[in-house]
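Chemist: The structure that follows is given in the form of structure tokens.
Please treat every number below as a calculation from the coordinates, not as lab data. Remember, it's a predicted structure, so these values are computed and weren't measured experimentally.
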């Protein structure tokens, strides 16, 4: 009898822990941000990503655009602040902009 109660208690504790963790956005920060991509006519346009605070963005698959070559992703519409997917972390909702160049 004691073994069944202990097993049931352990199960209930585990269930409570799972429920508590699934109601939080992340362990600790409690915040996710939305990353949107402006493909600037590139296809296929990447889907939005939901990234935890301080997390890294998953680099989208390479796109194509007729008569242009893809250059890179940037954190501003003027395409002057290059986004480094290996080092730059998400701290707020953000839009990344695709930059295209004419072939040489």
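Chemist: Where the centre of each part is set by its Cα atoms, how far does region 33-51 sit from region 55-74, in angstrom?
Modeler: 10
Chemist: Equivalent ellipsoid semi-axes for region 59-104, as square roots of 5 times the alpha carbon gyration tensor eigenvalues: give them largest first, rounded to whole Å.
Modeler: Here the semi-axes work out to 22, 11, 9 Å.
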